[in-house]
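Notes to accompany the following structure.
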Amino acid sequence: MTTYPAKVNIVEVGPRDGLQSMEKSIATEDKITYLNLLSQCGFSEIEVTSFVSPKWIPQLADAKEVSAKMDRLNGITYTALVPNLKGLDDALSAQYSSVAVFTAASESFSKNNTNCSIDESMGRFHQMTPVWEEHSLRVRGYISTVWHCPYEGPIKTGSVIDVIAKILDLGIQNISLGDTIGKATADEVRFTLETILNRWHPKHFALHMHDTFGFAKENIQAAMEFEINTFDSSTGGIGGCPYAEDASGNIATENVVSLCNSIGIETGINEEKLEETSTFIKSIVKKESLAHAKD
Ligand code: HMG
Ligand code: MG
């Protein structure tokens, strides 16, 4: 009989991953409303925004203002995505005690996403290490293109293993494995996890599945067979990745919750609040895309 975890943690990434991919930025006030609604839903972690170059991601250029004006409730980890020391300093000034850094299993994706090789991204993490140690920050590490890359195609599990080993060596204990273009199948997910978990404990890993081809739900269920219990998702399923044309949004949080409900797994999410939040953000996204269509 398949055993699943009794409880799953959902990391809500819509405000960062979802909103970074909109053609035009939504209003700062709407982001704050969205975040405040999300804080009522029962998430243990919300990825709020990123402190990256506004030339690269203008959609999140108001990260400082959003971070200053949103509500922060006790018991929720609010995380900011940072690519380098400058981003980390900005996140600290904006009162974050949790940050996420990101690299990839594919050299071409790394170059396109962050203008550096995988090893150079490790160099950036290395530069950040004394800062997050000094401030006792909680750090999460993303690996993009774990299964497929929009430029290189299928990725060898060996490349993923190399990157995981380097990240863990830096003392980063939480790693989110990204199916950036949503192309992985459940068998591919099982194969990769089996290889990874031969070496490391499942507690280190989360899955970050984009839902381009509708595979994400099945993949998450497959990962639960391996005791993985942390999944990233985006309320309303908004989003994508600006440096992976084929990427659609993250799996909708609603779908992760309904999957968990269907197999008796607790999520701690208040479904009424989730629906309210989803309706709100989808209406804003729709309004913005209609306005953009008229431009
Ligand atoms: P670069 O151009 O190579 O960096 O960018 P640079 O160090 O040469 O700096 C160039 C300019 O950027 C300078 O300004 C810096 O000050 C500025 P200028 O002198 O030209 O005016 N700069 C910054 N500004 C604000 N915040 C910063 C920062 N750093 C430098 N932190 C960099 C390198 C990484 C900064 C750039 O490539 C960048 O910001 N990229 C954005 C990448 C990104 O946000 N991608 C999407 C998120 S990752 C993702 O979605 C995948 C994930 O969801 C998992 C998955 O789905 O697979 C996590
Ligand atoms: Mg993503």
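The values are calculated or read from the model by the stated rules, or taken from the named source; none is laboratory data. What you see is a predicted model, and the numbers here were worked out from it, not measured in a lab. All Cβ positions, even for glycine, are placed from backbone atoms using ideal geometry, and neighbour counts span all protein chains on display. Surface areas here come from the heavy atoms of the whole protein model, side chains and all, with no ligands, DNA or RNA. Shrake-Rupley method; radii C 1.70, N 1.55, O 1.52, S 1.80 Å.
Could you compute how much accessible surface S39 exposes when probed at 1.4 Å, giving the result in Å² to the nearest 10?
10
Using only the heavy atoms of the protein chains and a 1.4 Å probe, how would D119, D211 rank by accessible area, largest first? Don't skip to the answer; put the middle values down first.
Values: D119 95, D211 45 Å².
These residues rank, largest area first, as D119, D211.
Using Cα-Cα distances under 8 Å and only pairs 6 or more residues apart, what relative contact order does the chain have, in percent? Intermediate values should be presented prior to the final figure.
Values: 586 pairs, mean separation 68.1, N = 295.
Taking the mean separation of contacting Cα pairs over the length of the chain, I get 23 percent.
So how exposed is L37, as accessible area in Å² (1.4 Å probe, rounded to 10)?
30
Skipping prolines and chain starts, which residues have an amide H placed within reach, meaning under 5 Å, of the one on E45, given they are 5 or more residues away or on another chain?
E12, T77
About its Cα centre, what dipole magnitude does the stretch 37-149 give when the only charges are +1 on Lys and Arg Cβ and -1 on Asp and Glu Cβ, stated in debye to the nearest 20?
Values: 9 positive and 12 negative charges, 29 e Å.
Once rounded to the nearest 20, the dipole reads 140 debye.
Rounded, prolate or oblate: which one fits the stretch 1-46, using the alpha carbon gyration tensor with axes a ≥ b ≥ c (rounded when a/c is under 1.5, else prolate when a/b beats b/c, else oblate)? Could the numbers behind the result be given before it?
Values: a/c = 5.17, a/b = 2.10, b/c = 2.46.
Since a/c reaches 1.5 but b/c is at least a/b, the shape of the stretch 1-46 is classed as oblate.
Once Lys and Arg get +1 and Asp and Glu get -1 on their Cβ, which of T192, L60, I10 lies farthest toward the positive end of the dipole of the chain?
L60
Around L259, what is the net charge, scoring Lys/Arg as +1 and Asp/Glu as -1 over all other residues with Cβ under 11 Å from its Cβ?
Working: positive: K217; negative: E218, E254.
Summing Lys/Arg as +1 and Asp/Glu as -1 gives -1.
Once Rh for the stretch 164-232 is found with the Kirkwood sum over Cα pairs, what is the Stokes-Einstein diffusion coefficient at 4 °C and 1.567 mPa s, in µm²/s?
So the translational diffusion coefficient is about 107 µm²/s.
Positive end of the dipole of the stretch 9-294, charges at C-beta (+1 Lys, Arg; -1 Asp, Glu), about the Cα centre: which of A252, S110, T235 has its Cα farthest in that direction?
The residue sitting farthest along the positive end of the dipole is S110.
Please list, in chain and number order, the residues 5+ apart from R138 or on another chain whose amide H is under 5 Å from its amide H, with Hs placed from the backbone.
Those qualifying (amide H under 5 Å, at least 5 residues apart or on another chain) are S98, V99.
Would you calculate, for the chain, the mean residue ellipticity at 222 nm contributed by helices, counting each DSSP H stretch of 4 or more residues as -39,500 (n - 2.57) and dividing by all residues, to the nearest 500?
Values: 10 runs with 121 residues, N = 295.
That comes out to -13000 deg cm²/dmol.
By per-residue mean of other Cβ atoms within 10 Å, what is the highest-first order of 225-232, 200-207?
Values: 225-232: 21.5, 200-207: 17.4.
Packing proxy ranking, top to bottom: 225-232, 200-207.
Would you check the accessible area of I238, probe 1.4 Å, heavy atoms only, in square angstrom rounded to 10?
Per-residue accessible area (I238): approximately 10 Å².
Considering amide H positions built from the backbone, and no H for Pro or chain starts, which residues 5 or more places from N174, or on another chain, come under 5 Å of its amide H?
Here G141 satisfy the definition.
Placing unit charges on C-beta atoms (Lys and Arg positive, Asp and Glu negative, everything else neutral), compute the dipole magnitude of the chain about its Cα centre in debye, rounded to 20.
Values: 25 positive and 39 negative charges, 67 e Å.
Result for the chain is approximately 320 debye, rounded to the nearest 20.
Compute the distance in nm between two label points, each set 7 Å from the Cα along the Cα-to-Cβ direction, one at N36 and one at E227.
4.2
How large is Rg/Rh for the chain, to two decimals, with Cα atoms and a Kirkwood Rh? Walk me through the numbers before you get to the answer.
On the way: Rg = 17.7 Å, Rh = 18.9 Å.
With Rg and the Kirkwood Rh in hand, the quotient comes to 0.93.
A 21 angstrom limit on the alpha carbon distance is what I want to check against. Which of K31/K64; K31/K86; K7/K282; K86/K282; K86/K111 exceed it? Intermediate results must be reported in sequence, preceding the final value.
Values: K31/K64 12 Å; K31/K86 23 Å; K7/K282 28 Å; K86/K282 32 Å; K86/K111 19 Å.
Table pairs above 21 Å Cα-Cα are K31/K86; K7/K282; K86/K282.
Give me the extension gain from A186 to R72: residue separation times 0.36 nm, minus the current Cα-Cα distance, reported in nm with one decimal. Could the numbers behind the result be given before it?
On the way: separation 114, 0.36 × 114 = 41.04 nm, distance 3.63 nm.
Taking A186 through R72 to full extension adds about 37.4 nm, to one decimal.
Would you be so kind as to identify which of L207, I281, I220 lies farthest towards the positive end of the dipole of the chain, taking Lys and Arg as +1 and Asp and Glu as -1 on Cβ and the Cα centre as origin?
The Cα lying farthest towards the positive end belongs to I281.
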